[in-house]
Each structure stands twice: as structure tokens, then as C-alpha cells.
1. Output the qualifying pairs, or none if there are none: Cβ atoms under 6 angstrom, residues six or more apart or on different chains, first residue in the range 333-352 and on the phi > 0 side of the Ramachandran plot, second residue assigned to a loop (DSSP other than H, G, I, E, B) and of a type outside the set (Lys, Arg).
2. Could you check the range 572-592 and list, in sequence order, the residues that are within 27 Å of Gly535 (Cβ to Cβ) and within 20 Å of the chain's Cα centre (by Cα)?
3. Would you confirm, using the coordinates I've provided, whether Ala440 is more than 19 Å from Cys657 (Cα to Cα) and at pLDDT below 95?
4. Look through Ala441, Ala408 and report the one residue that is part of a helix (DSSP H, G or I), more than 22 Å from Glu241 (Cβ to Cβ) and small (Gly, Ala, Ser).
5. Which of the residues belonging to the range 604-623 are among the small types (Gly, Ala, Ser), in contact with a Ser or Thr (Cβ under 6 Å, 6 or more places away or on another chain) and in a helix (DSSP H, G or I)?
6. Can you report the number of residues in the range 426-437 which are out of contact with any strand residue (DSSP E or B) (no Cβ under 8 Å at 6 or more places or on another chain) and either modelled with pLDDT of 90 or more or among the aromatic types (Phe, Trp, Tyr) (or both)?
7. Can you say whether Val393 is farther than 25 Å from Ser618 by Cα, away from ligand 2 (no atom under 16 Å from the Cβ) and assigned to a strand (DSSP E or B), as far as the supplied structure shows?
8. Residues that are more than 16 Å from ligand 2 (Cβ to nearest atom): which strands (runs of 3 or more DSSP E) entirely in the range 481-598 hold 3 or more of them?
Amino acid sequence: MLISVAVPVPNLDLLTYSVPPEVSSPVVGSRVVVPLGSRVVTGIVIEVGPAGTAPLGAEIKPVRQVLDNEAFVPPEVVALAQWTAEYYAAGVGDTIPALLPPMARGMRADAHKTMRVAAITAAGLEALGARGSISSPRAERNSARPEPVEGRALTAKQCDALELLAGTPTGIATPMLVSRGIGADTLARLAKHGYVSVRRDRLDRDPFEASEAPHSGSHSTPHSSPHSCDARDKWRQLTGEQTAAFERLRAVADRKEFRVALLHGVTGSGKTEIYLRLTAAVRDAGRRVLMLVPEIALTPALATLVRDAFGDRVAIQHSGLSDGERHDQWQRIRRGDVDVVVGTRSAVFAPLDCVGLIVVDEEHDASYKQEEIPRYNGRDVAIVRGQRAGALVVLGSATPSMETYHHAMSGKYDRVVLERRVLDRPLASVSVIDMREEYAADGPDVILSRMLRGAIQTRLDRREQSLILLNRRGYATAVFCRQCAGTLECPNCSVSLVIHGEGHARRARCHYCNYTARVPAACPRCAGPYLDQTGFGTERVEAEVKKACPAARVARLDRDSIRRKGALGSLLSRFRAGEIDVLVGTQMIAKGHDFPRVTLVGVVSADVGLGIADFRASERTFQLLTQVAGRAGRGDQPGEAIIQTLFPEHYSVQLACRQDYPGFYERELRFRKAMRYPPIVSLVNTIVRARTFTAAMDDAADVVQKVRDADDGQLRVLGPAPAPIGRLRGEYRAQLLIKGTNRKRIREALKAALAARPELQRRVVVDVDPLSVL
Ligand code: ADP
Ligand code: ZN
């Protein structure tokens, strides 16, 4: 008997092995231990039959061991992985990390230790649900944290802890909590109230442990009690628009056939409520639900709501989970103990069966795209999964991707619209500030316009909150020499170094390879002493807000400020608790947050993204501006957005101000049509890396030629050209873009071209449906 096996080794095709008669026969989805060269690795049986090639061209070797008699990975998920590998031009083995629970490498040392694990109790969930009324009275302006109120009130820290624990029904090990800033004292106090229970657990997390292997026969169907629809006592009265949208979607779900629907609802229109109702309806009809979200850590609210509504038959996957916890979740899903999975992109491969609904929240979000092999888009894999499961796929967004809207317009997807915010709340009123006028009035160094400074001050006076967006990290964007006009560049990458910190703490850093250096006193090129810095990032904006409003409590949210574990959660909960007045940040502050006391959104330099040599620059700018403006006025007070720009007439800026999505789509589609970019054509970006510029360009030229040779006149190949970031981490990069109407043809031509140069494989990055072509 021969089998085809995927092994977790980059870029390998399926390998063929024989199954000796004394070994029990595996099935698709079983794990097998196989020899590979001089090593032994664990792979997954993809096909029973000789579809693969013999390992490394040698004779067919026998498998060493078959770990499962039944599928470990469900066959539907194996097939989905195969599709993903094929479509995104990767090896099937490249998808294995997404298919299996974490291998728990490095966990083995701990294998028999015990550890204290804290889990939230029903009382804790209740307290967390009620916290709105407990922690919302605004803390005294000058005290650093809210005073604990008498009785069973929660401090911000305790809220944090409960929120985190609510996301992980199985509990979280105490060292993990400590690393997220939640110490033994906090836990002890919560345990005293009965909000958490603490137990001792054996750390026993080997995913290959036989006793953990699921039995497919034991799969239960989703429970309709005790957490059925009416178990959620907090169901809101839906607005008329929400009701109509829900009823339409439910009717589609009831058909139990594959269908994709775009839920196009403006910011604050109450999409979450619709996801929850649909989930309840699908669950009550006996099917399961997969809910994908961009980043759970950044916007934990949805996950918490799902937990509240569906109790412990929910698995939530977020980046704070340890390998062990992930493994447990995976096993719970696989056993059928879970009806609803909420997770980030890799959750699309969750071993959930009977899927009747897949929700992709904020479907336009770039974090659905994995920027390493396999370069899949979780949204698109979700659609394929839904197709095979006969499920309804709901793509939700206020700013759909061009691709999704295109399909909605052509009728390929249903389009369900929420045009208004709930409770007749108005959208934020938007003003555009032409910064050229500010420079004329206040000089060329001005960063916050007069109007924005005044608006921040007004919010302080009214005890409301502000969000200030600048999508660029650091203090200054470059250092340049007044004498030779040179700028300080990264030695490894063709980009300028960014200045972080002020005064003595000043460092120059590369945002691509993390190279850091002291800022030199003299120009490294001409030795001139007149080095100056230019441009500004979030650190500088934070400093400017503090300078303009000394009484304001200002904090910053960007990748630098949340390096420390737990920093993100504590920053968000401090903002929610009203301990921060102004939050300055990158696009992270524009994600789906729902902070009711934010009434002002300021955008400093709306045009940061427009200068980028990428065909999606306008789309991304429009989405970012619309989304961030959508963070204002979500409570009782109306919101205002102030957008500063040097290009007030740019259509992305103009149409975002009017929150005119259809207008933007139409305008952008004209550009995509003229330039032949997606969604008009399919695009594959290919980067060839080499040690020298010439080698990169020569090899890319060779690939271009071979693709043209393999093509019968259907494709358009652009390049070779130096990539927009021509050098990265010491390697030169040349680029070719392939456009065509048939993706399969593109992949095949490329495959043929690369087959002729196997030694090139490791230096070539193929990106199918790229989100960015830098
Ligand atoms: P979106 O995701 O569409 O931007 P959300 O789902 O976050 O919007 O909802 C916006 C706000 O409106 C949230 O605070 C939510 O709790 C509230 N909300 C949603 N539906 C209703 C409703 N029917 N009645 C009252 N408030 C609602
Ligand atoms: Zn660099």
C-alpha cells in the first residue's frame, strides 16, 4: 500500500511512502512518522495512493509508524489545506503548522510539572458583564486609577484579569498571567470574591499523546441547550434595519447551501449583534459556527460577547494563548465539545465539523493575509471552506475590499446593507484641514493644527476622550545632512532609519530589519556637522499633545508601546476606564473599537499612505480614514473628526470625509480598470532575491522570459524591475508582476518557469493575490 504524505518541510511536494503489512493502515488525515533523508519527521497522510513523488528521488521507503487509526485532522480540513497550498503556490507541508495543534516543542521539558491554572467562574462572568455599571463612573481626574468602590466592585486590574480569563474557558496558567501584568495578589482577591477558581494542572501537552486522539464516532452535534438563543438574557431589541438584515441572512442560512453575503454596514451600525443572532440561529439548527476576526488582542469585545452568549461551548483562539492552551482548544474543537470558534486567520483550519456559518468580521483587514509561506488570505480560504461545507459565509465591513464589493455588485455575493448607525446616532462630522494654510499661518514646523488643538482642549473640558491617528511610528522619520543632503540609511535595507526617542535616548532604527544605531554627531558621508531630523511619527505627536495640553493624560498605542506583554490589554482597559484622555496611535487605534466616550478623532497627515508605490495605497487610505472617523460618536454624544492633510483634494480623503463608500468604489475601480489591477485582473507578485543587484535583475529577467515562453499570449508580465524596497536585510530584490484573468494559468506558467531553475526556488517569493507589492 502506498500513501502520499505532507511533511513540515518548506516547499516540498507530497512524498510517497509504502505501508508495510505489519503496520496498521492509515487514512487521510492520520499522522505518520516517516524517514526523510537522515531525519525522521511527522507528517500527515494527504492521499491514500501513490500521488506523490518518492522522497528525494530515492526508492520508496516504508513509514515507521502510524500514529492514528482514524483521521487526526478531519479530511475536509486536509482537503482545504491542499487547496490552499495549490492556490497560493506553496507546498502542502507548508500548511501543516496551521492544521495541527502546536507541536509543543520545548514543552516537553515541562511535561510532568504541575502548574497553577486560574479559570473564570460563572460569578466572574456575571461581574464582568455588569462591569459597565461598576467601573464606568469616571475616576477622579488626577488619581492614576479608579478607587475601588465598596462591595464587589472591580478595579481596572481585576477587570483586565477577568476579561483575559473570559477568553480562555480552560483557564490560564498563573505564570502566563503574571507575564501579562496580573499578579498573585489580584488573583487571590478575585478568588476570594468567587470570581475565579484556581486549580493545579498537570502539564501534559504532547499533541501526539494517544489518549488525546479524538474518536470521530464520538462527535456530538451542537447542543441546543442550555445555551440556546434565549439563554442570552441580554438580547437587544434590534433596530428595523438590523432586523431586516438579520432576517435576510437567516433565510439564506436556513437554506443550508453555500452562499457568500457581504454585510455592508457603516461604522456603529451594529453588525456584531447580527453575527450573534445568526450564530444562535445556526446553532439551534444543529450546525456550527466559525467566526474570524482580525486581531483578538486588539479588540477583545467581540470574543467576550460570544462567550457571554454561548458559554463554554465556545473556543477562542488569541495570541495570548500558550501552546498548551492552544492544544487544549484544538482538542476540544476536534472532540466536538465546541459549537462556536472565534479566532484569527489560522482558525479557518479549525477541526470543526458541520459548519453552517462562517463570519469574517472586518473582511477588508490586512491581517487576514499571512505574509509568510503559505501566503494565504484567511477570508478567501474561508469562502472555499464555506463552499465545501454548504455554509453561509458572511463578510462584514464598513469599508469592504475592492474584491468583495466587486463580487457584491456583480451579484456573485448577496449584499446586505446597514446604512445607519444604531439609535439614530449620527456619523461623525468631518472637517478637512489643509496643512498648507497652517504652515502659512503658524510656520513649517506645526504638527497639530489650531482647530485640532482647540478640539482636544474642548474634549478635556467636557471630560470626553480623543483618538489621534498618525500611521507612522517613531519620533522623526529621517536624519538628513544639510551639507550633502544625504540621509541616514539602513546598512541592510534601502530605507531611511527612523529616529526613536528624544535627547540622550535618541536611537536610529530600521523598521524592516530592526538594525539600530546611535545617531552620529557628523554626517557619515561628508563628515559635515549639520545633521538635522525631519518628518514626525507617533512619538512626536504624543509629545506635541502633551505640550499643547499639559493637563491631559496622554498615552500612545503603537507596536513600540505594546512590546511588553500585557501592555496592550492594560492600555486599552485604562482608556476604557477613562484614565487616559488622549490616545495617540497608528492604525491600531482605527480597528473595530467601541469606546463610547470618544467624541473626537484627529488624523495627523492623512496622506502618509498615499505616497507609497502600491496599487492599493488609495484603498488603504480610504479604509483607514473611514474606520478611524467611525470610532467617534459611538455613545450618547455626537462625534467629530478632524483630518489634516496636504492633499485635501485627493479622492481618498474627500470621499472618506463624506463616508461615501460607493463613490470611492466607483472612482477607484476606474483606476484599477485603466491600470489593469485587481479586481479587474488577477495578480501574482514575484520577488527574486540575490546577493547582488545584477544577479537579482538577471535571474528575474530569466524568470520573465520563461513565463512568457510558457504562456500562450494570455498573460501580461511586467518587469523585471527593482522592487520598491530594492534591498532588504542585505539582499537585493527584483520584481515581476504577472497579470491575467485566469489565476491557474498564471500559476502554471510560473511553475513551469521555476521548474527550469530549481536552484532559484529558495530565492523566489511568490505571492498570489498580494495585498501589497512592496
Ligand atoms: P459595528 O461593528 O457595525 O461598527 P457594533 O456592532 O460595534 O457596530 O455596534 C455599535 C454599538 O451599538 C455597540 O456599542 C453596540 O453595543 C450598540 N448596539 C448594537 N445594536 C444595538 C441595538 N439594537 N440597540 C442598541 N444598541 C445597539
Ligand atoms: Zn534594515
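The values are calculated or read from the model by the stated rules, or taken from the named source; none is laboratory data. The structure displayed is predicted, hence computed values, not measured ones. Cβ atoms come from the backbone with ideal geometry, glycine included; neighbour counts cover every protein chain shown.
1. Gly336/His219; Gly336/Ser220
2. Gly585, Thr586, Gln587, Met588, Ile589, Ala590, Lys591
3. yes
4. Step by step, each of Ala441, Ala408 is checked, and only Ala441 is part of a helix (DSSP H, G or I), more than 22 Å from Glu241 (Cβ to Cβ) and small (Gly, Ala, Ser).
5. Scanning the range 604-623 gives Gly609, Ser618.
6. Final tally of qualifying residues: 2.
7. Answer is yes for this residue.
8. The strands (runs of 3 or more DSSP E) meeting that bar are 531-534, 554-557, 582-585.
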